[in-house]
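The values are calculated or read from the model by the stated rules, or taken from the named source; none is laboratory data. Model, not experiment: these values are computed from the prediction. Here Cβ is always computed from backbone atoms with ideal geometry, including for glycine, and neighbour counts include all displayed protein chains. Please note that ligands, DNA and RNA were not included when accessible areas were found on the heavy atoms of the full protein model with its side chains. Shrake-Rupley method; radii C 1.70, N 1.55, O 1.52, S 1.80 Å.
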Amino acid sequence: LVNVPQAILADEPTANLDATTTNEILSLLREINAKGTAIILATHDHELARRSGGRIVHLVDGVLREDKPA
């Protein structure tokens, strides 16, 4: 993050975290995104995906099932 990457791939960044820490991580990712870094977030948590505020691509067994623009 120090080098200000163009993109961050976050694979289950909030797995097994309590609600407070999950909210903090989501807030940090939004802040980084607002500064121009693309965030690619992989999660099984539908609520977290909804709260991310961005585009949602839903895959089932490797097949694109849904693509909701931001």
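Points worth noting:
- Every pair of residues 6+ apart whose Cβ atoms lie under 9 Å, when the first sits in the stretch 1-19 and is without any contact (Cβ under 8 Å) to a residue 40 or more places away in the chain and closer than 12 Å to THR43 by Cβ while the second is among the acidic types (Asp, Glu) and in a loop (DSSP other than H, G, I, E, B): GLU12/ASP45; THR14/ASP45; ALA15/ASP45
- From LEU41, LEU9, residue being open to solvent by 70 Å² or more (accessible area, probe 1.4 Å) and assigned to a strand (DSSP E or B): LEU9
- Every residue from the stretch 22-63 that is charged (D, E, K, R) and either in contact (Cβ under 8 Å) with a residue 12 or more places away in the chain or on the phi < 0 side of the Ramachandran plot (or both): GLU24, ARG30, GLU31, LYS35, ASP45, GLU47, ARG50, ARG51, ARG55
- Whichever residue in the stretch 44-70 is assigned to a loop (DSSP other than H, G, I, E, B) and open to solvent by 80 Å² or more (accessible area, probe 1.4 Å) and, among such residues, is nearest to LEU1 (Cα to Cα): ARG55
- Scanning the stretch 23-38 for residues that are of a type outside the set (Gly, Ala, Ser) and part of a helix (DSSP H, G or I) turns up ASN23, GLU24, ILE25, LEU26, LEU28, LEU29, ARG30, GLU31, ILE32, ASN33.
- Qualifying residue in the stretch 25-36 (condition: modelled with pLDDT under 95 and over 19 Å from LEU1 (Cα atoms)): no
- Taken together, ILE32, ILE25 contain a single residue that is touching a strand residue (DSSP E or B) at 6+ places or on another chain (Cβ under 8 Å), of a type outside the set (Gly, Ala, Ser) and either surrounded by 11 or more Cβ atoms within 10 Å (Cβ to Cβ) or over 24 Å from VAL60 (Cβ atoms) (or both), which is ILE32.
- Considering ILE25, ILE56, ILE32, ILE40, the condition of being of a type in the set (Val, Ile, Thr) and touching a helix residue (DSSP H, G or I) at 6+ places or on another chain (Cβ under 7 Å) is satisfied by ILE56 alone.
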